[in-house]
1. So, in region 393-441, how many residues would count as being open to solvent by less than 20 Å² (accessible area, probe 1.4 Å) and basic (Lys, Arg)?
2. Restricting attention to region 359-373, does a residue exist that is of a type in the set (Val, Ile, Thr) and either assigned to a loop (DSSP other than H, G, I, E, B) or farther than 26 Å from residue 34 by Cβ (or both)?
3. For the subset of region 554-601 comprising residues that are at pLDDT below 90 and basic (Lys, Arg), which member is farthest from residue 417 (Cα to Cα)?
4. In region 66-118, how many are closer than 30 Å to residue 339 by Cβ and in contact (Cβ under 8 Å) with a residue 12 or more places away in the chain?
5. Outside any strand (DSSP E or B) and modelled with pLDDT of 90 or more - does that describe any residue in region 380-403?
6. So which residues in region 155-182 are at pLDDT below 85, among the hydrophobic types (A, V, I, L, M, F, W, C) and surrounded by 21 or more Cβ atoms within 10 Å (Cβ to Cβ), if there are any at all?
7. Identify, please: which residue in region 29-41 is over 18 Å from residue 334 (Cα atoms) and either touching a Gly at 6+ places or on another chain (Cβ under 8 Å) or at pLDDT below 85 (or both) and is, among those, surrounded by the most Cβ atoms within 10 Å (Cβ to Cβ)?
8. Residue 517 - would you say it is within 30 Å of residue 231 (Cα to Cα), among the basic types (Lys, Arg) and touching an Asp or Glu at 6+ places or on another chain (Cβ under 8 Å)?
Amino acid sequence: MSMESTAWHSMYTAMHAQNDRRPFSRATLARIAAFAVPHRRRIVWFTLVSVLTAAMAVATPLLAGRVIDAITHNAEVRVVVILAALIGLIALAEAGFGLVQRWLSANIGEGLILDLRTTVYDHVQTMPVAFFSRTRTGALVSRLNNDVIGAQRAFSDTLSGVVSNVVTLVLALIAMVSLSWQITVMTLLLLPVFVLPARRMGARLARLRREAANHNSTMSTQMTERFSAAGATLIKLFGRPDRESVEFASRAARVRDIGVRSAMVQEVFFIALTLVSALALALVYGLGGFFALDGELEAGAVVALALLLTRLYAPLTALANTRVEVMNAMVSFERVFEVLDLRPLIRQKPDAVALPDGPLSVEFDDVSFAYPSAEQVSLASLEEVATLDPRAGATVLHQVNLRAEPGQTVALVGSTGAGKSTIASLIPRLFDVDSGAVRIGGLDVRDATTDSLRDAIGMVTQDGHLFHDTVRANVALARPETSDDDVWAVLHRARLGELVASLPDGLDTVVGERGYRLSGGERQRLTIARMLLAQPRVVILDEATAHLDSTSEAAVQAALTEALAGRTAIVIAHRLSTIQAADTILVVEDGRIVESGGNAALLAAEGRYAELYRTQFSRGEEVPAAL
């Protein structure tokens, strides 16, 4: 590696240095070693190849000096040819070993990235819903990308750099001292002039880079929010495009100005670097020439010293930044481990059992619940706050008791925020109760296996979330191995078959981000089709028709009637007309069940349900077909 490229790497490292300067942790080092164990053979070979490559890098200048000596002493042509052949063979060997070194480095680095990413991804998937509702998606994705890549550099770049640079430095120093200790000492005195500019310029560029990164982050956030379907619609309806444009242009102009300043700082650095390199070479040639003319040094030794100079400054400059590189890698590892150390709030018991076969009942036995604190489910760094709030939420459910027999439909109604959706979220164990128990088929959900809960329960929410993927992929999410015939069957049952068939790409039609290429009713019916394909034994409908027009609601309601046939159902409804045929209607207020019964009995009781009923129908709401 040349002096210029090494110094650039030094400056780049300083630019990207982490602010964290904590001492190395033995526990962290032990965990890093555990990730390195599967790659230990490649690491050993990689180290050996790095040593051989470094040794060959020092051998070439010495052979070049011998060539000059052979010429000045009028040696036989055969000697010069042999020396030149050796230099060529070493060059070929260096190229070959360089390829092997790069192959090993890539395998170690990419293998480590694979291990870290899959470990973090699998761990994050075990996190409760509360974790995702609090953390910033971008910060979490950064752990899987930037920090994982930063961590793998410890094994690829830093490991090879330390080994090869130490070997090169030792061999180069031995060779230079053996040729002329005076010139070696003089060249070492220029080292600070060579290294310090990279440090100073790197620190300055780091400040500029951080400022540019902040502006770029703000611009990215603005673009991400404004370029989504919902954001673009909001801006067109209520936003001020001129103001948005001025704000964006201002930040973009600041980034431009920083880019110009960064370019000039780098150019000044490289000009200074070139000058220092030239001065160092001038010193070698000047002193070496003086000693050569005085008969104290061979001409070949002068050439060898000049070539060895690059083998001396380059590793010294790189090793001067080794601590920064290692610290960067350590910080990246610790940020990855920080996520891995966050224990999932919802965990499967070692002795968990599968839910029983056949139809299932749903029971709440004296259930109380409060949402967990931020400290229990999240990380301050992922929320981008200084500290997390340790306080748990207020109790939102109080001694809730309900039972849905196999095949029955139980409806939950009540005011907004009464706790209906919270009750629904406890059934698939998105959260755990604080006291009491939720049982499915007589088994406490905390004693059931995660897979059996996932297979037994299907849920349709009011937002009808879809991925930016094809119709087929969204419907077959729970059963990706299913056939197209089965997908078409559930689409027809969800009253969506004709629509999908009319699309140019059919099942291969991409629905867009969050399904925005479809209408609200179409999205809901697609989520119903997904549930039908999953064939759950317990169905939860969380206000599945809350935001639909009458026509869409009628189509969705027909699909829901199909979906609920023969299944145990918990239905949360805002429109009371949709749940009049439910086996039991429960009225939830302030986290408590205040009324229970059938539609007629609750109306006759003249309680909260009757009040809600009169309020809705006094507004002239249309009454679609009931469940």
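The values are calculated or read from the model by the stated rules, or taken from the named source; none is laboratory data. Computed from a prediction, not measured in an experiment: that's the story for all the values here. Glycine gets a Cβ as well: all are built from the backbone with ideal geometry, and neighbour counts include every protein chain shown. Ligands, DNA and RNA are excluded from the accessible area calculation, which covers all protein heavy atoms including side chains. Shrake-Rupley method; radii C 1.70, N 1.55, O 1.52, S 1.80 Å.
1. 1
2. To start, the set of residues in region 359-373 that are of a type in the set (Val, Ile, Thr) comprises 362, 367.
Now restrict to residues that are either assigned to a loop (DSSP other than H, G, I, E, B) or farther than 26 Å from residue 34 by Cβ (or both): 362, 367.
Yes, the conditions are met somewhere in region 359-373.
3. If we take residues in region 554-601 being at pLDDT below 90 and basic (Lys, Arg), then 567 is farthest from residue 417 (Cα to Cα).
4. 13
5. No, every residue in region 380-403 fails to be outside any strand (DSSP E or B) and modelled with pLDDT of 90 or more.
6. 155, 159
7. Of everything passing the filter in region 29-41, 39 is surrounded by the most Cβ atoms within 10 Å (Cβ to Cβ).
8. no
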